[in-house]
1. Would you be able to say whether some residue in the range 82-98 is among the β-branched types (Val, Ile, Thr), within 25 Å of residue 38 (Cβ to Cβ) and part of a helix (DSSP H, G or I)?
2. Whether any residue in the range 43-63 is in contact with a Gly (Cβ under 7 Å, 6 or more places away or on another chain) and either assigned to a loop (DSSP other than H, G, I, E, B) or of a type in the set (Val, Ile, Thr) (or both) is what I want to check.
3. Out of all the residues in the range 212-225, which are of a type in the set (Asp, Glu) and surrounded by 14 or more Cβ atoms within 10 Å (Cβ to Cβ)?
4. Determine whether residue 105 is out of contact with any helix residue (DSSP H, G or I) (no Cβ under 6 Å at 6 or more places or on another chain), without any contact (Cβ under 8 Å) to a residue 60 or more places away in the chain, outside any helix (DSSP H, G or I) and closer than 26 Å to residue 5 by Cα.
5. In the range 161-171, how many are in a loop (DSSP other than H, G, I, E, B) and open to solvent by 50 Å² or more (accessible area, probe 1.4 Å)?
6. Restricting to the range 175-201, name every residue that is farther than 19 Å from residue 30 by Cα, in a strand (DSSP E or B) and of a type in the set (A, V, I, L, M).
7. Of everything in the range 120-137, what is in contact with a helix residue (DSSP H, G or I) (Cβ under 8 Å, 6 or more places away or on another chain) and modelled with pLDDT of 90 or more? Give them in sequence order.
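The values are calculated or read from the model by the stated rules, or taken from the named source; none is laboratory data. Being a predicted model, the structure only gives us computed values, none of them experimental. Every residue, glycine as well, gets a Cβ built from its backbone with ideal geometry; the counts of neighbours run over all protein chains shown. Surface areas here come from the heavy atoms of the whole protein model, side chains and all, with no ligands, DNA or RNA. Shrake-Rupley method; radii C 1.70, N 1.55, O 1.52, S 1.80 Å.
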Amino acid sequence: VVGAGNAALTAAISASTMGAKVLILEKAPSHLRGGNSYFTGGLFRFSYAQFEQIEALLPNLGTDEKDSVSIEPYPTDKFYSDVMKVTEGLSDPDLLNTLVTQSYPTMRWMKDIGVHWILAYGRQSFLHEGKRRFWGGLIIEAVGGGKGLSDTLFEIAIRNNIDINYGSPAVSLDIDKKGSIKSILVKNEQTYRNINCSAVVLANGGFEANEEMRARYLGPGWELAKV
């Protein structure tokens, strides 16, 4: 698994629980690990049809707290249309359908493996007529924000005996004529090594670290930004 943010760590943990032998390759040193996930607020967008689904993610939610909040459903079709709106219709329909329909089962899975959630009072709610009303479909955050999420997932990965190589950026893939992956080339300090593998998950972030792509997709001047 290339990368060590939320997507990479959850992919690694999932593969490990399915019986795979997993190695995480993290470009950063251990004290800078976590990717962009470390710096986020740890909020998650997912679809849900009823409040009981939210309760299932928050086992410590008391009666008084339940009575003090108002949370409208966020169905899959609303989630789908929101993503299509912000991407100006450019999202892949099949991939997006998988995202929205599997978003809640994924939240349940993350809760089951040990990720703890709380309602995002400070970011996604407002007080109205004596109740905290949540909006936007982005209503839950990981305990401790992005750092808490990252630390928790690393702990879970280590408990699952997943190997983590820090300071190890991936360079290239060796793919045979049939399209199967044979190995991945990794840089360690001043040396290179090939690691044999049958599958690779690329979860090493978006395009924001690429100057040319920032200028192309975000506009002129963004290539000068310090990221």
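1. yes
2. Yes, because at least one residue in the range 43-63 is in contact with a Gly (Cβ under 7 Å, 6 or more places away or on another chain) and either assigned to a loop (DSSP other than H, G, I, E, B) or of a type in the set (Val, Ile, Thr) (or both).
3. 223
4. Against the criterion (out of contact with any helix residue (DSSP H, G or I) (no Cβ under 6 Å at 6 or more places or on another chain), without any contact (Cβ under 8 Å) to a residue 60 or more places away in the chain, outside any helix (DSSP H, G or I) and closer than 26 Å to residue 5 by Cα), residue 105 does not qualify.
5. So the count comes out to 2.
6. 175, 181, 184, 185, 195
7. 132, 134
Yes/no per residue for (1) part of a loop (DSSP other than H, G, I, E, B); (2) surrounded by 14 or more Cβ atoms within 10 Å (Cβ to Cβ):
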residue: 127; (1), (2): no, no
residue: 138; (1), (2): yes, yes
residue: 141; (1), (2): no, yes
residue: 146; (1), (2): no, yes
residue: 151; (1), (2): no, yes
residue: 173; (1), (2): no, yes
residue: 209; (1), (2): yes, no
